[in-house]
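The values are calculated or read from the model by the stated rules, or taken from the named source; none is laboratory data. The model shown is predicted, which means the values in this text are computed figures rather than measured ones. For neighbour counting, all protein chains shown are included, and Cβ atoms are generated from backbone atoms with ideal geometry for every residue, glycine included. Ligands, DNA and RNA are stripped out before the accessible areas are found, and what is left, the full protein with its side chains, is counted by its heavy atoms. Shrake-Rupley method; radii C 1.70, N 1.55, O 1.52, S 1.80 Å.
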Amino acid sequence: MENKEKKWIDDVVVQDEIDRYKIDGKSFIDDDLIWEQINKAKNPDKKYIKEIIQKSLRIERLDPEEMAALIHCDDPELYQEMRDAALVIKEKVYGRRCVTFAPLYVSNYCVNNCEYCGYRTDNTSIDRKRLNKEELTREIEALVDEGHKRLIMVYGEHPASDYEYIKDTLETAYSVKRKPSGEIRRVNVNMAPLSIERLKPLQEVGIGTYQIFMETYHHETYAKVHPVGTLKGNYDWRLYGLHRCMDAGIDDVAPGILLGLYDWRFDAMAMLYHTIDLENRYDGVGPHTLSFPRLEPALDTPFAEQSPYMVSDEEFEKVVTVLRLAVPYCGMILTAREPQEVREKVLKLGITQLDFGSNIGVGSYAKGNFDPTRQQFMLNDTRSLDEGIRWLASEGKLPSFCTAGYRCGRTGSYFMNIAKKGKVHQMCMPNAILTFTEYLLDYASEETKEVGIKLVKKEIELMEPGAKKAIKGLLDKIYEGERDIYV
Ligand code: SAM
Ligand code: SF4
């Protein structure tokens, strides 16, 4: 590693921005306690499980002991009750809407050496690339021309993609305009944790949700897969990354676990502890969404296929169900890492956001190819946005491209309050209908348009008379050519 890189690394971590969050020098993750709670909850009583399900249905967050009991619930009938409740909860809070987005990989340079990741610094098979402004613009244009309105931009951790570069790329993403009305209206990020001082400029350019995946909360495993001495090897710096976002004024934050690194039961419980700590400190505002991707093969990355903790499809469904019940009001993201068949099953367990038309090679949207040498790992669901939308609509899920909430300041505590009262869908359903119709008219194939328009009509029929009249008036405007209308 060059001296310049070493110097840059030394400058990233601000020790005080770890220490200030600890209580008596301890973090909120106590490995022994989590295992004790999991082990104590074996063979749960049927009545207790039913009570827990009722609590989730009241949109109340579960306690770790309750989540541990659900993890151990193997009774087929009760497990089915849990799965049914997962969907009821999702529809109670979010309605039948499903938000769609696309990932955009901006730079694959990385100083870290995460054992499971294709981008790790030692992997010489990767073609390293950082998009310049023109290249990024072409990527955004390609995405906008497919109909995307929301992105998640992803970066390796490296001086070439420091916070100033990230700020510039966010500004570029928002600045691209295509005719008739195509533009990206919301940019979330998945990137390394930063200090509060470096987060603030990102807040100023309209950053959306900030995702930082802890990958695994288990200290020993974390140290094994993130070599000591690397930036990401600093467990506590990463653990409090989202706390620092909140303190920098970025109030939509999103943790995640990478399933397959360690025992899923531990990591799912630990993500609940993360949620609780954020909520306790920030006036009830915890994660906006939860992520739980499974480890996928990556170029010249043997670990990604040999981990002893790989999660089976059945276990994956259980993780999703348990998380849905444990934190009933959070969004839940299911990515295109999963194959179509798995996505079809898991959609019914309370998923709120999915990506389609995804390509995770740096620079690959404009080129229109899948280039394994530029990718972090391999994707399994490569359906286009049009195909994905058609599938969602045929399942009775209303695809939403809505970004109004963010632009009207409905983030952080505002959002959490309505989510916890189960009222997100009341506000968001009209916007979902408007943005979906906009997509159907501007970008959809004839086949998708037909399925979509039928669904929109059905949804409008289900609305209260006042709301029905209002939405019909707004839809007329969309048909007349007006765009970006929201309530
Ligand atoms: N480099 C930043 C970091 O690590 O925080 C940004 C995130 S990284 C580009 C995006 C996420 O991809 C990681 O947090 C990790 O959970 C996930 N990931 C890495 N390797 C993976 C693999 N082989 N299969 C599936 N997901 C993987
Ligand atoms: Fe770098 Fe992130 Fe990959 Fe780790 S997971 S090697 S930090 S890109």
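Report, by residue number, each residue of the range 336-386 that is crowded, with 17+ Cβ neighbours inside 10 Å and of a type in the set (Phe, Trp, Tyr).
If the condition is that a residue be crowded, with 17+ Cβ neighbours inside 10 Å and of a type in the set (Phe, Trp, Tyr), then 356, 365, 377 are the ones that fit.
Scan the range 268-286 and tell me whether some residue there is within 16 Å of ligand 1 (Cβ to nearest atom), in the same structural domain as residue 213 (by TED's automatic domain parsing) and farther than 23 Å from residue 208 by Cα. Don't jump to the end; show me each part of the working.
Of the residues in the range 268-286, the ones within 16 Å of ligand 1 (Cβ to nearest atom) are 268, 270-271, 274.
Filter once more, keeping what is in the same structural domain as residue 213 (by TED's automatic domain parsing): 268, 270-271, 274.
From the residues that got through so far, the ones that are farther than 23 Å from residue 208 by Cα too are 268, 270.
Yes, the range 268-286 has at least one match.
Regarding residue 127, is this residue assigned to a loop (DSSP other than H, G, I, E, B), more than 14 Å from ligand 2 (Cβ to nearest atom) and surrounded by fewer than 20 Cβ atoms within 10 Å (Cβ to Cβ)?
Values: assigned to a loop (DSSP other than H, G, I, E, B): yes; more than 14 Å from ligand 2 (Cβ to nearest atom): yes; surrounded by fewer than 20 Cβ atoms within 10 Å (Cβ to Cβ): yes.
In short, yes.
Among the residues of the range 202-253, what is the count of those that are polar (S, T, N, Q) and surrounded by 19 or more Cβ atoms within 10 Å (Cβ to Cβ)? Step through it out loud before you land on a result.
Within the range 202-253, the first condition is being polar (S, T, N, Q), and the residues that meet it are 203, 209, 211, 216, 221, 230, 234.
When the remaining residues are screened for being surrounded by 19 or more Cβ atoms within 10 Å (Cβ to Cβ), the result is 209, 211, 216, 221.
Of the residues in that region, 4 qualify.
Provide a single number: the residues in the range 456-468 that are modelled with pLDDT of 90 or more and over 16 Å from residue 428 (Cα atoms).
Number satisfying all stated conditions: 3.
Any residue that is buried (at least 22 other Cβ atoms within 10 Å of the Cβ) and in contact with an Asp or Glu (Cβ under 7 Å, 6 or more places away or on another chain) - is there at least one of those in the range 158-179?
No, the conditions are met nowhere in the range 158-179.
Across the range 95-109, what is the number of residues that are within 14 Å of ligand 1 (Cβ to nearest atom) and outside any loop (DSSP other than H, G, I, E, B)?
In the first step, residues of the range 95-109 are kept if they are within 14 Å of ligand 1 (Cβ to nearest atom); the result is 103-109.
With outside any loop (DSSP other than H, G, I, E, B) added as a condition, the list becomes 103-107.
Counting residues in the range 95-109 that are within 14 Å of ligand 1 (Cβ to nearest atom) and outside any loop (DSSP other than H, G, I, E, B) gives 5.
Of all helices (runs of 4 or more DSSP H) completely enclosed by the range 268-354, which ones contain at least 3 residues that are modelled with pLDDT of 95 or more and closer than 18 Å to residue 254 by Cα? Lay out the reasoning, then the answer.
Working: elements: 303-306, 313-326, 340-346.
Fully inside the range 268-354 and qualifying: 313-326.
Which residues, taken from the range 36-57, are in contact (Cβ under 8 Å) with a residue 12 or more places away in the chain, assigned to a helix (DSSP H, G or I) and open to solvent by 50 Å² or more (accessible area, probe 1.4 Å)?
Across the range 36-57, the qualifying residues are 40, 46, 48, 50.
Can you name the number of the only condition in (1) acidic (Asp, Glu); (2) more than 30 Å from residue 193 (Cα to Cα); (3) assigned to a loop (DSSP other than H, G, I, E, B) that residue 60 fails?
Going through the list (1) acidic (Asp, Glu); (2) more than 30 Å from residue 193 (Cα to Cα); (3) assigned to a loop (DSSP other than H, G, I, E, B), residue 60 breaks only (2).
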